[in-house]
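Each value in this text was obtained by applying a stated rule to the coordinates, not by laboratory testing. These figures come from a predicted structure and were not determined experimentally. Cβ placement follows ideal geometry from the backbone for every residue including glycine, while neighbour counts extend to all protein chains displayed.
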Amino acid sequence: MTSDFTWRDAGRTVVFRRGGVAGAVEVLREQGVGKFELLSTERALVGAGALAEEALAVHLVPSGQVPAAAGALTGALAPPPHAEEGVRVRPLVALGGGRVVDVAKAIAAISAAEVVAIPTTLSGAEMTGIHRLPEGAEERAKGMVRPSLVIADPEAMTGQEEGGLRASAMNALAHGADTLYLPGSNPVSEMTALRGAELIAGALDQEREGRDRAALALGSILCGYAIDSAGIGLHHLVCQTLVRVCGTPSHAETNAAILPHALAYLAERAPEPYERLGAALGTERDRLADRVAQLGRPKRLGDIGGDESRMDEAIAAMLQRPELESVPGPPTDEDLTRLVRQAW
């Protein structure tokens, strides 16, 4: 079983601790975080315990995409545009899934607040400086934000029902798998991606009741570290665009649907790194798509509510993404259309 640990790395501390949500106030104090504002959702607050009681204020993150949700909270959590330099802002503690953490990062990008992430899914948002900016305040951004403290409670991160958990795990797996061919890939990102993939697959192969949930959570953290180090590739640019343009309602489910097909495409064009990924997942390179579909049990995009009528618009937007230049090929309009239709 994976042990609890504290990992300090380049201005970030990860406290991996069972019962971490219940003991979050204690961890915050240990790490020098005093007064704070809490961002969360009604669902996540059910298990928040003393964390909500200790917060100076609790802010419910609105539904919808990150820019709009962050924009709705900037008035309460960010200094006004013409505030004096040096205005102190309190740390933002984000308890929830990737959207909640990304909203906190977005607000901090214009307020310079410290962000503490307490994830309740396998989104990986807690490990990255990748996020969008608050709607209407983009010009005020001081830079992208990576949480300085992560309280990773494996029970909280893996508590979803099985279908949602597997979709979230595919999002996590994609963070590592999508980086292996990129120019920014490096020995550390590759090592964490492959080890993370191995942990995720091993945990999902187990029955739910006996599953090593700490291994699954750790696999997500390692893959999140990999994408933060190496950057975004084909899979993520496709999924992000589909969510934004076609309105597929769940980022995790979109990832689960696209990942088998994205890996099949990449494995043909970058065989060496995907041989290594196949080995980490216990399969061969030419069977990666089948293995990932077995692990994720994805729903089809059409079944989760995507708007197929906007597919051409989404493909056009994908072709404008600068990350596409790093993809082997790079993929054409026809390649991207084929990839997306396979998941529809």
Provide the gained length on full extension for the span Val46 to Glu313, in nm with one decimal, where the gain is 0.36 nm per separating residue minus the Cα-Cα distance. 92.2 nm
When a/c is below 1.5 the answer is rounded, else prolate if a/b is larger than b/c, else oblate, so apply that to the range 5-156 with a ≥ b ≥ c taken from the square roots of the Cα gyration tensor eigenvalues. prolate
Reachable aspartates and glutamates, given that their alpha-carbon falls under 13 Å from the alpha-carbon of Lys35 and they are not under 8 places away in the same chain: Glu26, Glu53, Glu54, Glu114
What is the packing order of peptides 253-263, 137-147, 176-186, taking the mean over residues of other C-beta atoms within 10 Å and listing the highest first? 253-263, 176-186, 137-147
Take the alpha-carbon centre of the range 169-224, take the same for the range 124-159, and report the distance between them in whole Å. 19
Classify the range 162-343: rounded, prolate or oblate, from the alpha-carbon gyration tensor (a ≥ b ≥ c, eigenvalue square roots; a/c under 1.5 rounded; otherwise prolate if a/b is larger than b/c)? oblate
For a quick protection proxy, order the peptides 52-63, 272-283 by their average other-Cβ count within 10 Å, most packed first. 272-283, 52-63
Treating the angle as unsigned and between 0 and 90°, give the value, to the nearest 10°, between the Cα long axis of helix 187-204 and the longest Cα principal axis of the chain. 80
